[in-house]
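Asks: Handing you a structure now.
Throughout, read-outs are computed from the coordinates displayed, never taken from laboratory work. Just so it is clear, the structure is predicted and the values come from calculations on it, not from any experiment. Neighbour counts run over all protein chains shown; Cβ positions are idealised from the backbone, glycine included.
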Amino acid sequence: MKKTILLLLFLLSLSVTAQQQTVSYSINPATFEETTSITIAINGSSINEANWGVTGNALYLWAWAFDTNDTTEKGTPLNGSWTASNEASKFTYNAGSDTYTKTITPTTYYNATGIGKIGFLIKAKDGTGDKKSQDILAEVGTFQLTLNTPAENSSTIITAGSNFSIAATNTGGNASYVLKSNGATINSNTATTNYSYTQTAVTSNQNYQLEVTQGATTIVKKFTVIVNPGAVSAGMPAGLLDGINYNTVDATRATLVLDAPLKDFVYVAGSFNEWQPSAAHSMKNDPATGKFWLELTGLTSGVNYTYQYWVGESTPIANSPALVKTADPFSTLVLSPYDDPGIPSASYPNIPVYPKGQQREVTVLQTGQMPYPWSSATTNFVKPEKDKLVVYELLVRDFDAARNYQSIIDRIDYFKNLKINAIQLLPVMEFEGNESWGYNTSFHLALDKFYGSSNKLKEMIDICHKNGIAVILDIALNHAFGRNPMVRMWMNDADGDGWGTPTAENPYFNTEAKHSYNVGEDFNHQRPLTQNYVKRVIKHWIQEYKIDGFRWDLTKGFTQNCPSSVAGGQDNCTNQFQADRVAVLKMYADYSWSLDPTHYVIFEHLGGNAEEQEWANYRISGEADGFSKGIMMWGKMTDNYNELSMGYPANISGMTSASRGFTANRLMGYAESHDEERLMYKNLQFGNAANPAHNVKTVDVALSRMSAIGAVSLLVPGPKMIWHFGELGWDLSIFSCKDGSVNTPNDAASGDCKLDTKPQPQWVNWTTNNSRSKIYTDWAKMIALKTTEPVFSGAATINSGSSLSQNIKITNAALASTQLKDVLIIANFDVTSKAVPTGFPYTGEWYNLMDNTRINVTDVSLPITIEAGGYRIYGNKLANLAIDNYEGKAGIYLYPNPAATYFTLNADTTKVQIFSMSGQLVKSFESSNTKDTPFAIGELSKGAYLVKVVNENNEVQVMKFIKK
């Protein structure tokens, strides 16, 4: 099928199964001009509509066309989208004959002239899941040419010295035939309807072009011959890795390495050999590893070269192509003929040009690249402690109308003032299409170009680090999609369109998913090549981009134990403890930590506690490097918190790590993520409206309850997460469509709009709306408390019953009684004011940490009356390290970091205090000091410390440094 339609985006809950059908069809008249009215008839008995979920005989035509030379796509047929076909493309069902018919005139339907060939397929209205027929092609014009031998656009593999025969016939009388090879005419016949020619003793690759002319019309057919060069056995130089190996001494050289088991030979075709590889560009085979390799020479430093591998197999298995032309699986930059035309130049200036005349993705190679000039803020970056993390989950595409990394850079103060200390980007690896969430990844080492260049992402990361913000990448290594080279090199391509699904020979992928949550093609993580690939992906993003952590998508898929035929059911098996999954994911975590001992490892497992405990408690203590490990687990609490925000009782005790059996705070709990409906949207749709004075279905009332949601979620010890614009009370459904409507998964006829690009109202008026900005301001205060006060590294107790009155007690037993060591959070999620039970740990003076007001507690059980949707945060002491001026933009930086004997600051200061990580003051500099004054720390013990700095404008900054 035409793969320009592969801009499809798949929900992670969707199970994709190949259901392509071969249909019986006819075109009447069989021979026609582009202005002829034709009727396409489909035999209804050849289609199993039930397999496609079709009701009401709703089948649609999906069409495309080419010019007379079959080289350029023509027109704009009325297709609609792949998930929602245009009604103008619907077939008419004829019950009496059980046929589907559609009558079109090509010039009108395709909106084009000069059409040489039309193509179409039959599909369900929503074709997701391969609910379509085979591709159907038909020549246009009474003069038609049939290439009998070989097949059009084919690549035939022969042995050197063999003969090669060509045969063709035409309609409409005699025609003139001219056969060219590699641009030169090798045979001609001026008057025939049947043509044949045999080229003898072919010893090199041939690109053939058969030009046939009748009157004023010329038809061109293309095909190629690939000579099997035989793999030359030669030892590969030591130290080479799969993919591109740049010569660090000689910029005119680079060595390519491809691991292609079961393949007989590989050519490298590229701009350096005009895409016509000879024996000189046949890859050698290393006898020790079986890998193919080739050193390229004569390259020019700084020039963008493009290339593909031509991977050949003399005796392929059934339906597997003999030759596959593919980009490098280990590409770090690929060009796509499908996606690149839609990339704005403002996002990616001077994007490399896709090579004319090629198909599918190509790899970019450039010698002499200069390493990115990382600042010391990145090279010396000290990551926030895991239990202090407040992660801001962000989809670049929907964060700002510009939809690029520059927009994040431009709004760095927005993050900084919110006080979050980590940004987590939805996948930015090369994905199929541009309008994507990124989970349909095809090249895991390559950066997708839609959001910007490699250097622009690095600039964004560097600026985040300068502002104390870690950068985490969401990564989808459960699966890959059809453009992935490892899928295509060993694929079942029954219809010969150059795309397919893994064969039994594929050394990376399963032929069927071994779990119940699959999308795309399922990686087999027990295979050595898959494990090597995953480790290369990890290493690339940590070392090349200085990424601080990964959020691993869909970790339930990393098992081989749950095929569809498993006893007890695939879904039940997938959700049970699987030892192979536990082991391989620990191995990947270990590898990450071997590269960066403080690397964040986060799993989206959302499974049973027994398996999650294996990871959360893994290597928590006793590390030789002094860093506690433990894998952070995504903790979905959306339904529970949404009940509270809507005004209904709920149990949120599952927000604590202890409730899951974790020995340390490794639960990344959240009230919202990209996968769940927005709290505010459901507040407005389903909120408690029993009290007209506090009707949750009204915007301002619903917004007023979101600060309390922050209090009872963000401050619970352990890492926490915000989905972008929850802090402004985003109230548009995640199923909002581009046209403003809302289509959910229940709207099967039109398909849901979960993955549609969303509007940008937040930058127009939300930030200045008092009801919305109050959430942002309140959450910023809470996050400042969480990230700087040691008490929030302690333990929490949450009432376990379902209630509208929430009570959270937080204590850090390691702190002294003179410090802020106990916190009580109470909230009223009812729609009327009520007395909320307290249970203070002890009597005495307590402080509201949001405004520093004091209360004298004489009865620890005395209830406190709280307004509907309100909350209180009480501490036994005033906050010491939290930033009072939480909106301050001090911009104070400390360097060097780590430091041995002294550090300096980039601003004039009036006070500098150093605290231990437990909150104890260990050193203070009370006098004024000018910029770059050294602050002596030689006597401090090795370890991590907090520094509180006050500048001459009384702005406060709290930062961390490492004493070495």
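Asks: Kindly provide the pair-distance distribution of segment 390-630 built from C-alpha pairs, with 10 Å bins from 0 and whole-percent values in order of increasing distance.
Replies: Calculated P(r), rounded to whole percents: 7, 29, 34, 22, 6, 1.
Asks: Considering only Cα-Cα distances, which of the following residue pairs are longer than 22 Å: K781/K923; K386/K636; K416/K786; K514/K586; K786/K948? Kindly include the intermediate steps, with their values, before the conclusion.
Replies: Details: K781/K923 26 Å; K386/K636 18 Å; K416/K786 15 Å; K514/K586 19 Å; K786/K948 15 Å.
K781/K923, as the Cα separations exceed 22 Å there.
Asks: Cα to Cα, under 19 Å, and not fewer than 8 places away if on the same chain: which lysines meet these conditions relative to K738?
Replies: K125, K754, K758
Asks: Expressed in nm to one decimal, what extension gain is obtained for the pair L529 and N182 from 0.36 nm per residue of sequence separation less their Cα-Cα distance?
Replies: Numbers: separation 347, 0.36 × 347 = 124.92 nm, distance 3.73 nm.
Working it through step by step, the gained length comes to 121.2 nm.
Asks: Okay, moving on. Compare the peptides 911-917, 709-715 by average per-residue count of other Cβ atoms within 10 angstrom and give them in order, highest first. Please list the in-between numbers first.
Replies: Numbers: 911-917: 18.1, 709-715: 24.1.
Highest mean packing first, the order is 709-715, 911-917.
Asks: Between segment 213-229 and segment 179-212, how many Å separate their Cα centres?
Replies: 8
Asks: Okay, next question. Quick one: length gained pulling D747 to T31 fully straight, 0.36 nm per residue minus the C-alpha distance?
Replies: Details: separation 716, 0.36 × 716 = 257.76 nm, distance 4.13 nm.
Taking D747 through T31 to full extension adds about 253.6 nm, to one decimal.
Asks: Are there cysteines in the chain with no other Cys C-beta under 4.7 Å, and if so, which?
Replies: Lone cysteines by the Cβ rule: C464.
Asks: Using a Förster distance of 60 Å, how high is the FRET efficiency between T55 and I855, based on the Cβ-Cβ distance and rounded to 0.05?
Replies: Details: r = 64 Å, r/R0 = 1.06.
Working from the Cβ atoms, E equals 0.40.
Asks: Given H placed 1.01 Å from N in the peptide plane, which residues other than close sequence neighbours of T367 have an amide H under 5 Å from its amide H?
Replies: Residues meeting the criterion, in which the H sits 1.01 Å from N, are G302, V303.
Asks: Normalised by the empirical 2.2 N^0.38 Å for globular proteins, what value does the Cα Rg of the chain take? The partial results should precede the final answer.
Replies: Details: Rg = 31.9 Å, N = 964, 2.2 N^0.38 = 29.9 Å.
So the chain has a normalised radius of gyration of 1.07.
Asks: Work out Dmax and Rg for segment 20-139 from the C-alpha atoms and quote the Rg first, both in angstrom.
Replies: Both quantities, over Cα of segment 20-139: 13.7, 41 Å.
Asks: What's the center-to-center distance, using Cα atoms, between segment 805-830 and segment 549-597 in Å?
Replies: 36
Asks: Also, I was wondering about something else. For the pair A693 and T190, what calculated FRET efficiency results from E = 1/(1 + (r/R0)^6), where r is the Cβ-Cβ distance and R0 = 56 Å, to the nearest 0.05? If you can, show how the numbers build up before the last one.
Replies: On the way: r = 93 Å, r/R0 = 1.67.
Step by step, r from the Cβ atoms, then E = 0.05.
Asks: By how many nm would the segment from D590 to S154 grow when fully extended, if each residue of separation counts as 0.36 nm and the alpha-carbon distance is taken off?
Replies: Numbers: separation 436, 0.36 × 436 = 156.96 nm, distance 4.61 nm.
Separation in residues times 0.36 nm, less the Cα-Cα distance, equals 152.3 nm.
Asks: Using helices alone, I'd like the mean residue ellipticity at 222 nm for the chain: each DSSP H run of four-plus residues gives -39500 (n - 2.57), total over residue count, nearest 500.
Replies: Values: 16 runs with 138 residues, N = 964.
Taken over the chain, the calculation gives -4000 deg cm²/dmol.
Asks: Follow-up. Using mean Cβ contacts within 10 Å as the protection proxy, how do 898-906, 180-188 order, highest first? Could you put the intermediate results ahead of the total?
Replies: Details: 898-906: 15.6, 180-188: 13.1.
Per-residue Cβ counts within 10 Å, averaged per peptide and sorted highest first, yield 898-906, 180-188.
Asks: May I pose another question? For segment 280-414, report the % of Cα-Cα distances exceeding 27 Å.
Replies: Working: 4263 of 9045 pairs.
So the pairs more than 27 Å apart make up 47 percent of the total in segment 280-414.
Asks: Continuing with this model, one more query. In 10 Å bins starting at 0, how do the alpha-carbon pair distances of segment 145-228 split up by percent?
Replies: Per 10 Å bin, starting at 0, the Cα pair percentages come out as 18, 54, 23, 4.
Asks: Compute the semi-axes of the equivalent ellipsoid of segment 894-963, taking the square root of 5 times each eigenvalue of the Cα gyration tensor, and list them largest first in whole Å. All intermediate terms of the calculation are to be shown ahead of the outcome.
Replies: Working: eigenvalues 66, 35, 20 Å².
Three semi-axes, in Å: 18, 13, 10.
Asks: Could you tell me how far the Cα centroid of segment 896-925 sits from the Cα centroid of segment 390-448, in Å?
Replies: The distance from the Cα centre of segment 390-448 to that of segment 896-925 comes to 33 Å.
Asks: For T663 and S162, what does the FRET efficiency come to when R0 = 60 Å and r is the distance between their Cβ atoms, rounded to the nearest 0.05? List each step's numbers first, then the result.
Replies: Numbers: r = 68 Å, r/R0 = 1.14.
Calculated transfer efficiency: 0.30.
Asks: Another question about this same structure. If each of D571 and N94 carries a label point 7 Å out from its Cα toward its Cβ, how far apart are those two points in nm?
Replies: 4.2
Asks: Near K222, which lysines are there with a Cα under 26 Å away, not counting those fewer than 8 places off in the same chain?
Replies: The reachable lysines, counting only those whose Cα sits under 26 Å from K222, are K2, K3, K74, K117, K180, K263, K325, K356.
Asks: Which peptide among 571-584, 55-68 comes first, and what is the full order, when sorted by highest mean count of other Cβ atoms within 10 Å? Working shown, then result.
Replies: On the way: 571-584: 17.0, 55-68: 20.0.
Top of the packing list down: 55-68, 571-584.
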